[in-house]
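The structure appears below as structure tokens.
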Amino acid sequence: MSQAKRIALLAGDGIGREVIAEASKLLNACGAAIETAEFDWGAARYLADGVTVPADGFAMLERDFDAILVGAFGDPRVPTNIHAKEILLGMRFKMDLYANVRPVRLLDAGLCPLKGIEPKDLDFVVIRENTEGVYVDAGGVFKQGTDDEVAVQEDINTRKGVERIIRYAFDYCEKHTKLDGSPRKRVLMSDKSNAMTHAGGLWQRVFKEVSRDYPQIKAEHMYVDALCMQMVKDPRQFDVIVTNNMFGDILTDLAAGLQGGLGMAASGNIHPKKTSMFEPVHGSAPPIAGKNIANPMGAMLTSAMMLNHLGLTAEAARIERAVLEAVRQKKTTQDIGGALGTTEVGDWVASHL
Ligand code: NAD
Ligand code: IPM
Ligand code: MN
């Protein structure tokens, strides 16, 4: 028998703690051979002892764990957001988790704000570059506080970084089917190369080059502004979308809206050869934290995504089926039309695995 997979749980702040508690219930009840360990990294720890990431924290995660499940980071008591930057962006950057994979799926037609869109119509994935772009936070401020103040925020795009994420998207397209079993066939690269010509030019050239290695896959392009409009007008047309860090961030909140809201969206931060990190797309939602109303389904679907990544596909499928059943039977939180609390949704799904 293969060894139990080791999973680090970083619930973080706000509703992150609540949704990870429910996802953990499923991990423990789904029959997967796993061991979990909890870490208290987050705002409360930072406020108590000033530590965001303990010494060698990332090396420890990489060495001792097969995957990491994260809630969310962000707390009004830490207005600089320094802990979120060091922990969350720290994992993405320092552990080199370069592919942020954000599937966009609809569990029930009733969840989509668009007319006439069925689950079969919404089944695409956004592959977001996760280690470069404006998120590098390079730049500076000069003459701060004066009328002459200058703020520079640099957009860093490396040939290697752009190439590996575009290649990841084509490989993903090649290896993954749609939910109905049909093959994926198209990769669409989205940028703003009409205005940001230096970075956009690199993305355009690399995309053309890499696409030649995948003649069976249709390579397409759309400017990111037009893509926003098309995503709302007709999301049926999308298959695999690849884009930079910031555009990917924005597009996936829009796409979460199509899935029923931020409470439904899952994601993985992946390096194919390293310990990868999985987190719901939503944040810590301070105004609703501690009220037992946060939707735990994004975190639950994220835990299934993590199990799939670890090869525990049968257990992942059990979680996905049970979440789908909860949606069908309206055993959900208020944000998607149900009447249950966070913990009650967790209990219901756990008992229907
Ligand atoms: P948010 O995702 O926390 O909330 C946006 C809106 O969606 C709010 O109305 C919120 O109530 C709702 N929402 C989010 N998740 C929900 C859920 N599971 N169930 C029901 N409703 C849900 O984004 P925000 O308000 O922009 O940010 C709040 C904090 O979270 C900030 O500190 C931000 O930096 C941080 N954040 C962290 C992550 C992360 O750690 N991965 C992601 C996004 C935002
Ligand atoms: C996300 C979040 C983060 C991001 C924030 C918290 C830095 O919005 O995971 O989508 O912008 O990547
Ligand atoms: Mn975001």
Distance check, please: which entries in K185/K331; K115/K178; K5/K25; K175/K274; K94/K143 exceed 25 angstrom between their Cα atoms? K185/K331; K94/K143
Per residue of the stretch 25-32, in order, report the coupling 6.51 cos²θ - 1.76 cosθ + 1.60 (Karplus, θ = phi - 60°) as ³J(HN,Hα) in whole Hz, putting x for Gly and Pro. 3, 5, 4, 6, 9, 7, x, 6
With θ set to phi - 60° and the Karplus curve 6.51 cos²θ - 1.76 cosθ + 1.60, what are the ³J(HN,Hα) couplings of the stretch 45-54 in order, to the nearest whole Hz, using x for Gly and Pro? 5, 4, 5, 7, 10, x, 9, 9, 10, x
Students sometimes get this wrong: rank D249, D121 by accessible area, probe 1.4 Å, all chains present, largest first. D249, D121
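Just for the stretch 140-262, what percent of DSSP beta bridges are antiparallel, to the closest 5?
Values: 4 of 14 bridges.
About 30 percent, rounded to the nearest 5.
Under the Kirkwood approximation for Rh and a Cα-based Rg, what ratio Rg/Rh is obtained for the stretch 102-168? Spell out each step's value before the answer.
Details: Rg = 19.9 Å, Rh = 15.7 Å.
Value, to two decimals: 1.26.
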Could you work out the Kirkwood radius for the stretch 103-250, taking every pair of different alpha carbons, averaging 1/r and inverting it, reported in Å? 16.7
Tell me, rounded to the nearest percent, the portion of alpha carbon pairs in the chain spaced more than 27 Å apart. 47
Enumerate the residues in the stretch 180-209 having an amide nitrogen under 13 Å from the point lying 7 Å beyond the Cα of A226 toward its Cβ. 189-195
Relative contact order of the stretch 7-89, defined on C-alpha pairs under 8 angstrom at six or more residues apart (%): 46
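Return the ratio Rg/(2.2 N^0.38 Å) for the stretch 252-332, where Rg is computed over Cα atoms only.
On the way: Rg = 13.3 Å, N = 81, 2.2 N^0.38 = 11.7 Å.
Compactness ratio reported: 1.14.
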Placed amide H near H282: partners under 5 Å, 5+ positions off or other chain: A265
Considering only C-alpha atoms, what is the centroid distance from the stretch 298-348 to the stretch 224-287, in Å? 18
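Could I get the Rg over Rh figure for the stretch 1-158? Both from C-alpha atoms, Rh via Kirkwood, rounded to two places. Before the final figure, lay out the partial values.
Working: Rg = 19.5 Å, Rh = 18.7 Å.
Over the Cα atoms of the stretch 1-158, Rg/Rh equals 1.04.
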Restricting to Cα pairs under 8 Å and 6 or more apart, the percent relative contact order of the stretch 1-52 works out to 46
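With n ≥ 4 as the cut-off for DSSP H runs, can you work out [θ] at 222 nm for the chain, using -39500 (n - 2.57) per run divided by the number of residues, rounded to the nearest 500? Don't jump to the answer; show the numbers that get you there.
Numbers: 11 runs with 131 residues, N = 353.
Per the formula, -11500 deg cm²/dmol.
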Quick one: 3J(HN,Hα) in Hz for the stretch 175-191, Karplus 6.51/-1.76/1.60 with θ = phi - 60°, rounded, Gly and Pro as x. 8, 10, 9, 6, 4, 7, x, 6, x, 7, 9, 9, 10, 10, 9, 10, 8
Direction-averaged shadow area of the convex hull around the Cα atoms of the stretch 193-283, nm²? 7.4
Run through the DSSP bridge list for the chain and note the antiparallel percent, rounded to the nearest 5. 40
Heavy atoms of R17 accessible to a 1.4 Å probe, total area in Å² rounded to 10: 140
For the stretch 31-70, just run the numbers: alpha carbon Rg, then divide by 2.2 N^0.38 Å, N being how many residues it has. 1.36
Tell me, what is the FRET efficiency for K143 and A314 to the nearest 0.05, using R0 = 41 angstrom and their Cβ-Cβ distance as r? 0.10
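The values are calculated or read from the model by the stated rules, or taken from the named source; none is laboratory data. In this text the structure is predicted, and so the values were computed from the model without any measurement. Quick reminder, even Gly has a Cβ in these numbers, built from the backbone with ideal geometry, and neighbours come from all protein chains shown. We work out accessible area using only protein heavy atoms, side chains counted, and drop any ligands, DNA or RNA first. Shrake-Rupley method; radii C 1.70, N 1.55, O 1.52, S 1.80 Å.
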